[in-house]
Amino acid sequence: MLAAATTAQADKRVALVLGVSNYQSVARLANPDNDAAAISDVFKRMGFDIVELRRDLGVIEMRRAVRDFAAVAADSDMAVVYYAGHGIEVNGANFLIPADARLQSDFDVEDEAVPLDRILQAINPAKRLRLVILDACRDNPFAERMTRSVATRSMGRGLAKIEPATADTLIAFAAKAGAVAGDGDGAHSPFATALLNHLATPGLDLRLTLGRVRDEVLKSTGRRQEPFVYGSLGGDTVALVP
């Protein structure tokens, strides 16, 4: 037990925290900036070695932030990316939507949004854990107005299911694939509130942490919203806090 605790304490833990509230072409989201700031503070209290908080970034800035974080994650043991804001699924691929996106058609997504795959590539070198937390399943005003460049291309209300290609990688959605998450009436979204309540629990395996988050969100939303986790970990305990 002592050896396990020492190993966990020695892990280099790094986090990139992104929030977008102030969209330039659609209505402002109330909570993502607050959620990102609070989650960033939690990671700092948890003793993460590096915590980078970036809010209301445009597409160039967001891509640069992800690129720069890839260098940080390269020699880490645990790398975490948290994002709160709008996201969209186009033809089975998930994208994060920066503050300056206009997205008049699905053809614009590759230029104006940031692929989830880019996030996963950035954290892939982490040795022990790769974790992406997405509070990005809000009902999306971009999807309602976007035209399809090809009639057969699909655009979903929420995010698409994803199975990570790399072992020891988890992707936590605020709502299960294809479903919509709420922004909340309080200072934080229901998902962020639950994360704030459980992420910093010492010694708790991450799978149990996310299970408790799920249970709290189900309860607080009257079972209207169910967070979902994709990916898998091995048989050892993986705790964000030793």
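The values are calculated or read from the model by the stated rules, or taken from the named source; none is laboratory data. Note that this is a predicted model, so its numbers are computed, not measured. For neighbour counting, all protein chains shown are included, and Cβ atoms are generated from backbone atoms with ideal geometry for every residue, glycine included.
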Specify which of the listed residues (Ala175, Ala179, Ala192) is small (Gly, Ala, Ser), part of a helix (DSSP H, G or I) and closer than 19 Å to Gly87 by Cβ.
-> Ala192
If we ask which residues in segment 195-206 are surrounded by 15 or more Cβ atoms within 10 Å (Cβ to Cβ) and in a helix (DSSP H, G or I), their number turns out to be 4
Keeping to segment 74-96, report how many residues are more than 16 Å from the chain's Cα centre (by Cα), of a type outside the set (S, T, N, Q) and not in a strand (DSSP E or B).
-> 4
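Would you please name the residue that is farthest from Lys127 (Cα to Cα), looking only at residues in segment 162-177 that are of a type outside the set (Gly, Ala, Ser) and crowded, with 16+ Cβ neighbours inside 10 Å? Explain how you work it out, then say what you get.
Initially, segment 162-177 is screened for residues of a type outside the set (Gly, Ala, Ser), giving 162-164, 166, 168-171, 173, 176.
In the following step, the residues that additionally are crowded, with 16+ Cβ neighbours inside 10 Å were identified as 162, 164, 168-171, 173, 176.
On the way: Ile162: 21, Pro164: 15, Asp168: 9, Thr169: 10, Leu170: 14, Ile171: 16, Phe173: 23, Lys176: 27 Å.
If we take residues in segment 162-177 being of a type outside the set (Gly, Ala, Ser) and crowded, with 16+ Cβ neighbours inside 10 Å, then Lys176 is farthest from Lys127 (Cα to Cα).
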Odd one out for Ser21 among (1) assigned to a helix (DSSP H, G or I); (2) over 18 Å from Leu159 (Cβ atoms) = (1)
Taking segment 43-55 and keeping residues more than 15 Å from the chain's Cα centre (by Cα) and either touching a residue at least 60 places away in the same chain (Cβ under 8 Å) or not in a helix (DSSP H, G or I) (or both) leaves Arg45, Met46, Gly47, Phe48, Asp49, Ile50
Starting from segment 227-242, take each residue that is in contact (Cβ under 8 Å) with a residue 60 or more places away in the chain and farther than 19 Å from Ala174 by Cα and list its partners that are assigned to a loop (DSSP other than H, G, I, E, B) and not hydrophobic (A, V, I, L, M, F, W, C), counting only C-beta distances under 6 angstrom and pairs at least six apart or across chains.
-> Leu233/Asp168; Ala239/Gly203; Val241/Pro202
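Checking the condition touching a helix residue (DSSP H, G or I) at 6+ places or on another chain (Cβ under 8 Å) and at pLDDT below 95, which residue from Leu96, Leu103 passes? Talk me through it step by step, then tell me what you get.
Values: Leu96 fails: at pLDDT below 95.
So the residue among Leu96, Leu103 that is touching a helix residue (DSSP H, G or I) at 6+ places or on another chain (Cβ under 8 Å) and at pLDDT below 95 is Leu103.
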Selection status of Ile39, crowded, with 24+ Cβ neighbours inside 10 Å and more than 21 Å from Asp168 (Cβ to Cβ) = yes
Residues that are under 18 Å from Asn140 (Cα atoms), at pLDDT 95 or above and surrounded by fewer than 24 Cβ atoms within 10 Å (Cβ to Cβ), drawn from segment 58-91 | Gly58, Val59
Which one is surrounded by the fewest Cβ atoms within 10 Å (Cβ to Cβ) among residues in segment 117-139 that are assigned to a loop (DSSP other than H, G, I, E, B) and either in contact with a Gly (Cβ under 8 Å, 6 or more places away or on another chain) or modelled with pLDDT under 90 (or both)?
-> Asp139
Of the conditions (1) modelled with pLDDT of 95 or more; (2) in a helix (DSSP H, G or I); (3) buried (at least 18 other Cβ atoms within 10 Å of the Cβ), Phe142 fails just one. Which one is it?
-> (1)
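From the list Ala175, Ala194, Ala200, which one is at pLDDT below 95 and not charged (D, E, K, R)? Reasoning before the result, please.
Values: Ala194 fails: at pLDDT below 95; Ala200 fails: at pLDDT below 95.
Answer to the check: Ala175.
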